[in-house]
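K.L.:
Here it is, the structure in full.
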Amino acid sequence: MNAIGQAAATPIPASRSRLLGHISADVKRAALDRNRELKEEDLSWSQTFGAFCRLSTQVVVVYRLIHWLRGLRIPVLRPLLLIPVSLYESVLRVLTGVIIDPHAEIGPGLLVHSPYAVLVGGTRIGANCTVQSGVLISAGSRGIGDNVYFGAGAKLLADTKVGNNVVIVANSLVLTDVADNTTIVGVPARIRLRGGRPQRFKRIQAPEREQ
């Protein structure tokens, strides 16, 4: 999913267990992002485990754990688990440059495609959100829908609301509400195009040179 071939990873539904279901969906999206020719049921154990161990996925997993622990109502167990997980989160922040506010409510299938300089504030985000490096999502946002793609350097500021199936093109600055099924671009983002799914581009192999 580079700047030329922006391709949305396959949406993954969450299972019944909220925490484990969300983590499972996050990991599977990360695995499918590196294996786009495969379907969810075709993923091998090694591909899924490799996606889980990726630092950009670990950031999401730790966010899920801290978010869950903050709501845990067991006084002794909560701090015992929260302290080491928070320390691990601090290490990941240094290594990846990704900060996700634990107060954020984020649906399943969150994909940090490329880390570094990513800040997600304490807002509500739907399922299957994708963020690239340099993305800023303000805590003042009134909410983000499902299947939203943030290109590299995209910024979402003010009390804006983003609908479902939206593509925010790289380096765009969003200051106003964005409707469903929209691709938006500009600084500030005023150019709105129909359709909100990043397009797939086939990789063409260069012809072999004659010797």
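The values are calculated or read from the model by the stated rules, or taken from the named source; none is laboratory data. All of these numbers come straight from a predicted model, not from anything done at the bench. Note: ideal-geometry Cβ built from the backbone for every residue, glycine included; neighbour counts use all protein chains shown.
K.L.:
Among (1) in contact with a strand residue (DSSP E or B) (Cβ under 7 Å, 6 or more places away or on another chain); (2) part of a helix (DSSP H, G or I), where does residue 99 come up short?
P.N.:
Looking at each condition in turn, residue 99 falls short on (2).
K.L.:
Return a yes/no flag: does the range 174-187 have any residue that is at pLDDT below 95, assigned to a loop (DSSP other than H, G, I, E, B) and within 25 Å of residue 94 (Cβ to Cβ).
P.N.:
There is no residue in the range 174-187 that is at pLDDT below 95, assigned to a loop (DSSP other than H, G, I, E, B) and within 25 Å of residue 94 (Cβ to Cβ).
K.L.:
Among the residues of the range 140-147, are any at pLDDT below 90 and farther than 22 Å from residue 28 by Cβ?
P.N.:
Looking for residues that are at pLDDT below 90 and farther than 22 Å from residue 28 by Cβ, one finds at least one in the range 140-147, hence yes.
K.L.:
Checking residue 72 against (1) among the hydrophobic types (A, V, I, L, M, F, W, C); (2) in contact with a strand residue (DSSP E or B) (Cβ under 8 Å, 6 or more places away or on another chain); (3) assigned to a loop (DSSP other than H, G, I, E, B), only one condition comes out false. Which one?
P.N.:
The one condition residue 72 does not meet is (2).
K.L.:
The conditions are (1) crowded, with 19+ Cβ neighbours inside 10 Å; (2) farther than 20 Å from residue 20 by Cβ; (3) modelled with pLDDT of 95 or more, and residue 169 fails exactly one of them. Which is it?
P.N.:
(3)
K.L.:
Same structure, new question: Residues of the range 77-120 being under 17 Å from the mean Cα position of the chain (by Cα) and polar (S, T, N, Q), which ones?
P.N.:
Within the range 77-120, 96, 114 meet the criteria.
K.L.:
Quick one: which of 89, 37 is among the acidic types (Asp, Glu) and either within 27 Å of residue 134 (Cβ to Cβ) or buried (at least 19 other Cβ atoms within 10 Å of the Cβ) (or both)? Talk me through it step by step, then tell me what you get.
P.N.:
Values: 37 fails: either within 27 Å of residue 134 (Cβ to Cβ) or buried (at least 19 other Cβ atoms within 10 Å of the Cβ) (or both).
Testing whether each residue is among the acidic types (Asp, Glu) and either within 27 Å of residue 134 (Cβ to Cβ) or buried (at least 19 other Cβ atoms within 10 Å of the Cβ) (or both) leaves just 89.
K.L.:
Now for a different question. Select, from 66, 83, the only residue that is without any contact (Cβ under 8 Å) to a residue 40 or more places away in the chain, surrounded by 17 or more Cβ atoms within 10 Å (Cβ to Cβ) and in a helix (DSSP H, G or I).
P.N.:
66
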